[in-house]
1. For region A:156-162, take each phi angle, set θ = phi - 60°, evaluate the Karplus expression 6.51 cos²θ - 1.76 cosθ + 1.60, and give the result in whole Hz per residue in order, putting x for glycine and proline.
2. Taking only protein heavy atoms and a 1.4 Å probe, what accessible area per residue, in Å², does the protein assembly as shown have with all protein chains in place?
3. Mind checking which lysines have their Cα closer than 23 Å to the Cα of A:LYS176? Skip sequence neighbours fewer than 8 apart in that chain.
4. Which of B:ALA134, B:ALA112, B:ALA38 moves most in a GNM of chain B, Cα contacts under 10 Å?
5. Against the longest alpha carbon principal axis of chain B, how many degrees, from 0 to 90 and to the nearest 10, is the axis of helix B:28-37 turned?
6. Could you tell me how far the Cα centroid of region B:1-35 sits from the Cα centroid of region A:116-192, in Å?
7. For a quick check of your reading of the filter: which GluC sites (Glu not before Pro) in region A:75-121 sit in a DSSP loop and have no more than 13 other Cβ atoms within 10 Å?
8. Hey, any idea what Rg/Rh is for region A:116-192, computing Rh the Kirkwood way over Cα pairs?
Amino acid sequence: MGLSITWYLREFLRMEWLRKFFFAKTAPLVSPPYFKDYPLTTGHECTACYSCMMICPAPGAIEVLRHQDHWKPMIHRGHCIRCGLCVEACPEDVLWSGRVLDQQQQQKTEFRSWYRLTVDDTLCMRCGNCAVSCPVNKREDPQLASTGTSANDEVIMKVEGGRLRVIHEEKCVGCKTCENNCPNKAIRVARMVEGIQEEAA
Amino acid sequence: MSILQKIKNTVRSRSIHVAYVDVGSCNGCDIEVLACLAPRYDIEQYGIYVHNNPREADVLLVIGSMTPQWVDKLQDIWEKIPEPKVAIAVGNCPISGCVFNRWHSYIEPPVAKYIPIAAQVPGCPPRPTEILNAILALAPTLFNDYEEKKK
């Protein structure tokens, strides 16, 4: 009897045991290096190309704003999902988070984007509004007719042989003026993004 | 300050009872709360106990983007929690609706419209450490000297 009480006291009144019992803590928790936190700015100059805003999957998470004399992307907490796509998409490396940029440099990956024009022929009524309103068309062929016909083959799209033909899709800058001026919503501008990787030399 | 108040402060800082309610989330944040319970983050070593009974809770973790069906039910749950109480919004959804906050989606964020939110933990999902830090930073300061403040 007496022995067991002594044993208990000896066992439980050890400083080490008491400390472990009352102040037990797991190791200090640190973010792992692969963790993508909210993107921060590197200080490189932002050219306001809006690549980050266009690739962002979360509504209202990133905004490119004007600060006195320069542009700067703003990340909104509570909206941002920390996916790191804006960091990858930025051609100027304005943003950084985790090791996204290092990995991108190491693996020589990048995003390539272009615009795809699709015309629904059943909706299109060949009014030529898209060809007339397009600012790139205006530059390529100032003589473009009000019906959308043109003798020039350098334009993005023109009405030819009774239907709208898209000739130089690659010249599209994605302003969507044609989409806004189409009475039937027949023409659609879609931004296509593709991840590409350079072949190792 | 009375000795009783001091004892209450000590006890409250070491014994925080948490209830969580999912008001329409994708389960991502729920899994992060679950990770807090697991040995790696081990929420109970800080004296925080999770059980889903609002009647014995001090802290309510609100997770999810607030579907309309939850509007009255969340208020019911909030009223069932005894004073002193706080609500913490976990994740982007209760703050902004996150990726669900699009045209024609059937949600009504933010949660702060319906119950008083004391703290928000942004992230989609937030890390378990961030949830832990929010509870640990907020609850003891708010519950401290509760009876004195009430007077």
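The values are calculated or read from the model by the stated rules, or taken from the named source; none is laboratory data. Nothing here was measured: the structure is a model prediction, and the numbers come from that model. In this analysis, Cβ positions are derived from the backbone assuming ideal geometry, glycine residues included, and neighbour counts consider all displayed protein chains. Surface areas here come from the heavy atoms of the whole protein model, side chains and all, with no ligands, DNA or RNA. Shrake-Rupley method; radii C 1.70, N 1.55, O 1.52, S 1.80 Å.
1. Result, ordered by residue: 5, 9, 8, 7, 9, x, x Hz.
2. Working: 20650 Å² over 352 residues.
That works out to 59 Å² for each residue.
3. List returned: A:LYS138, A:LYS158, A:LYS185.
4. B:ALA38
5. 30 degrees
6. Comparing the Cα centres of region A:116-192 and region B:1-35, I get a distance of 60 Å.
7. Sparse-neighbourhood loop GluC sites (Glu not before Pro): A:GLU92.
8. Across region A:116-192, the Cα-based Rg/Rh ratio is 0.91.
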